[in-house]
1. Quick one: which of 59-70, 27-38 comes out on top by average Cβ neighbours within 10 Å, and what's the full order, highest first?
2. What distance in nm separates the simple spin-label points at residue 5 and residue 83, each placed 7 Å from Cα in the Cβ direction?
Amino acid sequence: MNPSRLRHRITFQEFIETTNENGFPVEDWTDFKTVWAMIKTDSNTKYREYYEAASEHSEKIVRFIVRYTTGIDAKMRILHKGRTFNIIAVVNDDELNKTLTIICKEVV
């Protein structure tokens, strides 16, 4: 992979449950790792609109390609330029431990 194509800075977040000073559980998203990524929005990217309960919804599926790293899973989400993406799947490309393709759905 050409490293110059990794030009977008993204942050992985994980959902953590902790307790506050009063002992009550607190759930929140916390930053896990920030990396450089390539975003694929070519003709293979799916964009779908549908109608549900008299309101219009849209889904945008985006692929992020990053250098291989451990600890990334589908329970996380990605932040990029103020936008949020829920991770659908994490694929180790060709099982070579060189790059990961992360398939996401944008939160609208």
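A short reminder: the numbers here are calculations on the coordinates, not readings from a lab. As the structure is a prediction and not an experimental result, all values here were calculated from the model. Glycine gets a Cβ as well: all are built from the backbone with ideal geometry, and neighbour counts include every protein chain shown.
1. Values: 59-70: 16.2, 27-38: 13.6.
Highest-to-lowest ranking by the protection proxy: 59-70, 27-38.
2. With each label point 7 Å from Cα toward Cβ, the separation is 1.9 nm.
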